[in-house]
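I have placed the structure first, in the form of C-alpha cells, so that the comments after it can refer back to it.
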Amino acid sequence: MDKYEKAILAERMDMYGVVYSLCYSPCGKLLAAGDNFGRIFIFQLESALNSTVLAKEKEIIKRIIQVHSGPIYALTSTSTYLVCGILDRIVGYKWSEILDKDIHEVWKIYIPSSKQYKSAQVNSLVWNEEENILYCGCGDGRIYGYDLKSGHNKCSMVGHEDSIHSIVLDPQSKACISSSEDGSVRFWDNRKPSQIAIIEPYKHQQLSHHGGGKWISAMATDADGNWMACGGATGLSIWHLQSRTLTSSCNDITACVRDVVFYDGNFITVGDNHHVTHTTINGEVTATIPTSSSPNFAIQINENLNSKPVLCTAGNSIMIDIFINFFYKTTSFQCTCSY
C-alpha cells in the first residue's frame with residue numbers, strides 16, 4: 001500500500017471510527033481506548049492535562065496497538081496487565097512495556113467454543129484483585145473465570161438466554177453480577193458456581209414505558225454495596241443491592257443507557273443521546289452535559305492521578321471527551337492515525 005492509499009484509508013477510518021471501550025493504567029497516567037477496527041490507542045493523559053497549552057494529537061497518542069481486525073468491546077486493567085477482550089479470546093499486554101516500540105501480547109486465553117457459538121465475542125471484563133481471577137462476559141451468554149497466574153479456567157456460569165453485556169462485582173462478597181440482552185440481571189455464587197437470584201427490570205411497570213426493548217447493557221454499584229444502577233433499553237433504574245428491590249427509576253432519562261459509573265453519591269450515565277447525565281440514588285437528574293458523540297458507549301472515571309479525578313466518555317466517533325470538572329467538557333482526544 002503506497003502513501004496515498006494509506007492516507008485515504010486513514011481518512012475513512014476516521015470517518016467511520018467508533019470507540020467502544022476505555023480503561024486507565026494502574027498509575028492513572030495512561031488512557032487506553034479500543035475501537036471498531038481492532039486498535040488500542042494509548043494516550044498520555046497526565047502530561048496532556050498538565051500542559052499549559054494542550055499538546056498536539058500526535059504527541060498525546062503514545063502508541064497504537066493493532067490487536068485484530070474486529071471491534072474491541074472490552075478493556076480492563078490489572079496491577080500488571082492491560083487486558084483486551086475480542087472475538088474468541090482475551091489477550092494481555094504488560095503496562096510496563098506498553099510504550100515500547102515492539103510491544104506484543106504476553107499471553108492469550110481462548111474462550112471455549114460450542115455447537116451454537118464457534119466463536120464467542122468478549123463483551124465485558126472484570127478483575128477480582130483478591131483472587132487474581134478475570135471474569136469474562138461473552139456473546140454465548142456465559143461467564144468464564146480465569147486464574148491469571150496459571151491461565152486455567154476456574155469456573156463457567158451458565159443461565160443467561162442471550163449475550164452478556166456487562167459484569168460487575170458485588171463490593172461486599174465479590175460475587176459476579178451480570179446483565180444481558182435477555183433483559184435479566186443475574187446474581188451468582190462464584191464458588192459453586194451457580195445462580196442465586198435474578199431480577200428483570202423490564203417487567204416493572206414504571207420501567208416498561210421506554211419501548212426500546214428489554215436488554216440491560218450497563219450496571220454500577222456504590223463502593224459500600226448498598227445501591228446498584230441498571231441501564232439499558234428500560235432507561236435507568238436504581239436498586240437496593242442486598243435486597244434486590246427496585247427503589248427508584250429515572251423518568252427524565254428517555255434514551256437507552258449504554259454505560260454507567262458511580263461517583264460522589266451520583267450515578268453518571270451515557271447512552272443514545274449527546275449527553276453525560278448525573279442522577280441521584282433517588283432518580284433525580286441533577287446535570288446533563290453535552291458530548292461529542294452520540295450514542296456514547298463508554299464512560300470511565302480515573303481517580304489514580306495525583307491531581308483531580310478525570311472522567312472520560314467515548315462512542316460513535318473517534319472523539320474521546322475529557323472532563324476534569326465533571327460538569328463541563330475540558331477537551332477531547334481523537335483516535336486517529338491522520339497526522
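Rule-based calculations on the coordinates, nothing more; no lab input. The shown structure was predicted, so the numbers you read here are calculated from the model rather than taken from an experiment. Here the Cβ is made from the backbone with ideal geometry for all residues, glycine too, and neighbour counts use every protein chain on show.
Key figures for this structure:
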{"read-out": "Violating pairs (Cα-Cα greater than 32 angstrom) within the set LYS101/LYS154; LYS203/LYS308; LYS29/LYS108; LYS3/LYS101; LYS3/LYS118", "value": "LYS101/LYS154; LYS203/LYS308; LYS3/LYS118"}
{"read-out": "Cα centroid separation - the range 262-304 against the range 128-148, whole Å", "value": "26"}
{"read-out": "Charge dipole (debye, nearest 20) of the chain; +1 at Cβ of Lys and Arg, -1 at Cβ of Asp and Glu", "value": "540"}
{"read-out": "Global form of the range 1-143, assessed from the alpha-carbon gyration tensor, a/c cut-off 1.5", "value": "oblate"}
{"read-out": "Packing-based order for 229-237, 8-16, using average beta carbon neighbours within 10 Å, highest first", "value": "229-237, 8-16"}
{"read-out": "Among SER332, VAL285, PRO112 the positive-end extreme of the charge dipole of the chain (Cβ point charges)", "value": "PRO112"}
{"read-out": "Ranked by how many other beta carbons lie within 10 Å on average, peptides 144-155, 117-128 from highest", "value": "117-128, 144-155"}
{"read-out": "Cα centroid separation - the range 176-195 against the range 78-111, whole Å", "value": "26"}
{"read-out": "Stretch gain in nm, segment LYS94-LEU246, where the contour uses 0.36 nm per residue and the Cα spacing is subtracted", "value": "50.6 nm"}
{"read-out": "Percentage relative contact order, the chain, counting C-alpha pairs under 8 Å, at least six apart", "value": "12"}
{"read-out": "Dipole of the range 3-334, positive end: most advanced residue of SER25, CYS84, SER163 [Cβ charges, Cα centre]", "value": "CYS84"}
{"read-out": "Most to least packed among 185-192, 317-324, 28-35 [average Cβ atoms within 10 Å]", "value": "28-35, 317-324, 185-192"}
